[in-house]
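Colleague: Quick one: the structure is below, questions incoming.
Computed from the coordinates by the stated procedures, all read-outs in this text should not be read as laboratory data. Remember, it's a predicted structure, so these values are computed and weren't measured experimentally. A quick note on method: Cβ atoms are made from the backbone with ideal geometry, for glycine too, and the neighbour counts reach across all protein chains shown.
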Amino acid sequence: MATLKELTDRFPFEGRVEAIYLRPAREVAVVSVQRANALAGRGLEGDRSAQGPAGRTMTHHKRQVTLFQAEHLPLLASWLGRPSLDARVLRRNIVISGFNLLSAKALFADQALRLRIGVAVSLRASGPCDPCSKMEVALGPGTYNAMRGHGGLTATVEVGGEIAVGDRVWVESVPAKAAPTIDAEDDGGAAPCMKQRWNELQAKFGEEFNGGIEGFHDDAPHAGVRSGRQISYAVFRTLRSPAFPFYTSLS
């Protein structure tokens, strides 16, 4: 009998891009497009999530792209007492049909899943795209609760390229990349709890923690971090920062 990990690594069905929306700015109506350019480490070109200095990646930004399950639109419409629901009101970037989007989110630390779109684009699901209070303004009271668990996913862009309506979408399993650990002799004299916390977080959150640390290591040399003690202190500040994905778990 297959193990749970083996079951979550099977993807017999493919999906399809049904719609693409760009959000030029907050409080501005979304723009429906037939094609969009996904920028690695940033988001969709023309969307506010991708705005920033050219050439700068936003490693800790987990909401580079937002995804929505097309099959959930009639469900939400029914729960809200509406005959239909226009996906653009939800302000998600890409609407996908054909398979369960949640299956693109890895359940195991050593399981790396990628959401492939079209010829070249590769996304990594980073978490749920929970609804906000603005949905109540747009669709009326009760919308927040109606969307709970059905708000879609957030993702980061690992490989950029063009995305078009009608593109095939599928999930693939790739080898997980291990993150470095802090060895006792290399901790630069930092408190023992630093090494323990680093390794605990890596074990608990797996690849998502690895991704955040990879970003830190990319930025560390440019921030003048050189010695072991400086690295340990800088990592500690990183782990305590709200910009780090798991800061809420450090208490």
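Colleague: State, as an integer percentage, the relative contact order of segment 4-174 based on alpha-carbon contacts under 8 Å between residues 6 or more apart.
Modeller: 33 percent
Colleague: Would segment 4-174 count as rounded, prolate or oblate if I go by the C-alpha gyration tensor, calling it rounded below 1.5 in a/c and otherwise prolate when a/b exceeds b/c, oblate otherwise?
Modeller: In terms of gyration-tensor shape, oblate.
Colleague: If neighbour count is taken as other Cβ atoms inside 10 Å, put Phe13, Phe99 in order from fewest to most.
Modeller: Lowest count first: Phe13, Phe99.
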